[in-house]
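These notes concern the structure reproduced below.
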Amino acid sequence: MSDKPHYHGHRERLRERLRVDGTGLRDYELLELLLGTVVLRRDTKPLAKELLHRFGSLRGVLDARTPELLAVKGFGPGLLDYWLLLRECMARYEESPARERKVLCTPQSVAEMARMRLGNCPHEEVWVALLDNQNRLIAWERATKGTVNASVIYPRDVLEMALRCSASGIILVHNHPGGNPVPSQPDFEVTRQLSRSALTLGIRLLDHVIVTDEDCYSLKEDGLL
């Protein structure tokens, strides 16, 4: 008689199903396997089901913020580290087409690149896409890290980034943690300031895109740039 806990055999059967055809696994079963890479000595099915119940979907679990995850019984610091690693890999995967210097031609293409990194961020961050004269990405860098409802953008700092990379175009990107992508008055003001300052240096401000976990807003697309 085996002295291994019952879930060891169950977990191995899930792995076998994954090898054969992962599309046949249900969301909670995928979560079981993810959780089981860290939680080795506990049945992870109850935690997987609780996470799905709490956050509504697999995407909701992966997008949940740190305090929300830690509030779930059984989700400790070790799992949180793994979740942060998973998210960073996912963010870089989403950014990879642009990092391969494909053309960023629409606000949606910028938002798709930024959303994985910024969509569920609990505080505002400002990132800058620095482009060549064919709108291909040269660099994608964080400019500032703010608070839950504000971030300070200094046009001088953004332009210094552009000059350092010999960029001829800029797309400014930041997130609104509250979920409303509509720009604030300070968003309008910094866009105008940056546009004027960039023009004097022969640098184009192509857009200012605001992202949330579900939506995006382009000042250029709305005729405000």
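Using the Cα centre as the reference, give the magnitude of the dipole from point charges on the C-beta atoms of segment 1-85 (Lys, Arg: +1; Asp, Glu: -1; all else neutral), rounded to the nearest 20 debye.
Magnitude of the dipole: close to 120 debye.
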Handout entry: Selection from LEU172, LEU80, GLY9, by position along the positive dipole direction of the chain (Cβ)
Key = GLY9
Completion exercise
The helix 27-36 Cα axis meets the longest alpha-carbon principal axis of the chain at an angle in degrees, between 0 and 90 and rounded to 10, of 80
Exercise for the section: Exposed loop GluC sites (Glu not before Pro) only (DSSP loop, at most 14 other Cβ atoms within 10 Å): please give the longest stretch of the chain free of them, not including the sites. Expected result: 101-213
Problem - Lysine pairs in the chain with Cα atoms under 25 Å, if 8 or more residues apart or on separate chains - result: 7
Completion exercise
Dividing the helical contributions, -39500 (n - 2.57) per DSSP H run of n ≥ 4, by the residues of the chain yields a 222 nm value, nearest 500 deg cm²/dmol, of -15000 deg cm²/dmol
Exercise for the section: Taking the Cβ of PRO122 as the centre, find all other residues whose Cβ is under 14 Å away and add up their charges (Lys, Arg: +1; Asp, Glu: -1). Expected result: -1
Handout entry: Accessible area (Å², 1.4 Å probe, nearest 10) - CYS89
Key = 80
Completion exercise
When the charge dipole of the chain is computed with +1 on Lys and Arg Cβ and -1 on Asp and Glu Cβ about the Cα centre, the Cα farthest towards its positive end, among VAL209, PHE55, VAL128, belongs to PHE55
Problem - the chain: antiparallel DSSP beta bridges as a percent of all, rounded to 5 - result: 70
Exercise for the section: Sticking with the crude label model, points 7 Å out along Cα→Cβ, report the distance from LYS73 to GLU141 in nm, one decimal please. Expected result: 4.8
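The values are calculated or read from the model by the stated rules, or taken from the named source; none is laboratory data. Predicted model, so just to flag it, every value in this text is computed and none were measured. A quick note on method: Cβ atoms are made from the backbone with ideal geometry, for glycine too, and the neighbour counts reach across all protein chains shown. Side chains are part of the model used for accessible areas, which takes the heavy atoms of the whole protein and leaves out ligands, DNA and RNA. Shrake-Rupley method; radii C 1.70, N 1.55, O 1.52, S 1.80 Å.
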